[in-house]
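The values are calculated or read from the model by the stated rules, or taken from the named source; none is laboratory data. All figures in this text were calculated on a predicted structure; none of them were measured in a lab. Here Cβ is always computed from backbone atoms with ideal geometry, including for glycine, and neighbour counts include all displayed protein chains.
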Amino acid sequence: MANRSVVLDTETTGMPVTDGHRIIEIGCVELIGRRLTGRHFHVYLQPDRESDEGAIGVHGITNEFLVGKPRFAEVADEFFEFIQGAQLIIHNAAFDVGFINNEFALMGQHDRADITRHCTILDTLMMARERHPGQRNSLDALCKRYGVDNSGRELHGALLASEILADVYLTMTGGQTSLSLAGNASDGNGTGEGSGAQASEIRRLPADRRPARIIRASETDLVEHAARLEAIAKSAGAPALWTQLAEAGQLGIDVNPCGSSSVIVYCSFLATIASTF
């Protein structure tokens, strides 16, 4: 199905997979057209080995709890059917994909042992690192940065993590969440982590809302704007970015919509910002 995504997370007995560790929980939620459908896949698995103490401390899934749970082979077809053809949205995809491929390989299902042949992969960790270089980009850190509620996540559980990741992904790719030219770096380390600033939650506006009023620049505004651009050019030794874009026709606005030399009032504000770089 077009525009179908599956947000996926796993929990394991430990790591790395090359040490014989296995999947003990899979959690998936479905998105179609960037909307949660309510469909999900969730299962706990008997791994036929004990989990490392460190792993249990992270996810809280004990060896005793997994006794009597199905093995991966018993749910493999249902799981594959759920993810087949979808875009898989995963945080730190290499980890989960490696374990999933291993489970299919252990079954001898080598045609499924590379799920990238059946699904596309979007790694939200890589996406976050590109958008926020030098900052912490764990799922908890992204929840804090984007104002996503993860208060129910005391331990790492695959289904809850996939539901939270879906919210983070939709927020992270849905537009700007706050206006902060300096990031949230009030703690002085430039990372934004540990600061008192909190990302504000996105407030969705109705599609039928009343259009915002456009305020046109006055003749005085235009004169001051031109003077500001000239001052920037003299200081920088080159035309301001605004001037370069205007000459190239790349501003994306109509600078003369009413037959006069009017421009949208934020021209000078943008030019001022350009002068700071």
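Scanning the range 92-118 for residues that are in contact (Cβ under 8 Å) with a residue 40 or more places away in the chain and out of contact with any Phe, Trp or Tyr (no Cβ under 9 Å at 6 or more places or on another chain), which turns out farthest from Met15 (Cα to Cα)? Spell out how you get there, then give the answer.
Start the filter on the range 92-118 by keeping residues that are in contact (Cβ under 8 Å) with a residue 40 or more places away in the chain, which leaves 95-96, 98-100, 102-103.
Restricting the remaining residues to those that are out of contact with any Phe, Trp or Tyr (no Cβ under 9 Å at 6 or more places or on another chain) gives 95-96, 98-99, 102.
Values: Phe95: 9, Asp96: 11, Gly98: 11, Phe99: 9, Asn102: 13 Å.
Among them, the one singled out is Asn102.
Looking across the range 41-55, the residues that are within 31 Å of the chain's Cα centre (by Cα) and over 17 Å from Asp96 (Cα atoms) come down to Asp52, Glu53, Gly54. The single condition among (1) under 13 Å from the mean Cα position of the chain (by Cα); (2) part of a loop (DSSP other than H, G, I, E, B) that Ala128 does not satisfy is (2). Scanning the range 154-177 for residues that are modelled with pLDDT of 90 or more and in a loop (DSSP other than H, G, I, E, B) yields a single hit, Thr173. Please verify whether Ile89 is surrounded by 15 or more Cβ atoms within 10 Å (Cβ to Cβ), assigned to a strand (DSSP E or B) and not small (Gly, Ala, Ser), treating the condition exactly as stated. Here the answer is yes, as Ile89 does meet what is asked.
Taking Leu106, is it at pLDDT 95 or above and of a type outside the set (S, T, N, Q)?
Values: at pLDDT 95 or above: yes; of a type outside the set (S, T, N, Q): yes.
So Leu106 fits the description; yes.
Counting only strands (runs of 3 or more DSSP E) that sit wholly inside the range 1-63, those with at least 3 residues that are modelled with pLDDT of 95 or more, surrounded by fewer than 20 Cβ atoms within 10 Å (Cβ to Cβ) and in contact with a helix residue (DSSP H, G or I) (Cβ under 9 Å, 6 or more places away or on another chain) are 35-44.
Within the range 100-118, how many residues turn out to be outside any helix (DSSP H, G or I) and surrounded by 19 or more Cβ atoms within 10 Å (Cβ to Cβ)? Number of matching residues: 1. The single residue among Val97, Val148 that is at pLDDT below 95, surrounded by 17 or more Cβ atoms within 10 Å (Cβ to Cβ), of a type in the set (Val, Ile, Thr) and assigned by TED's automatic domain parsing to the domain that holds Gln46 turns out to be Val148.
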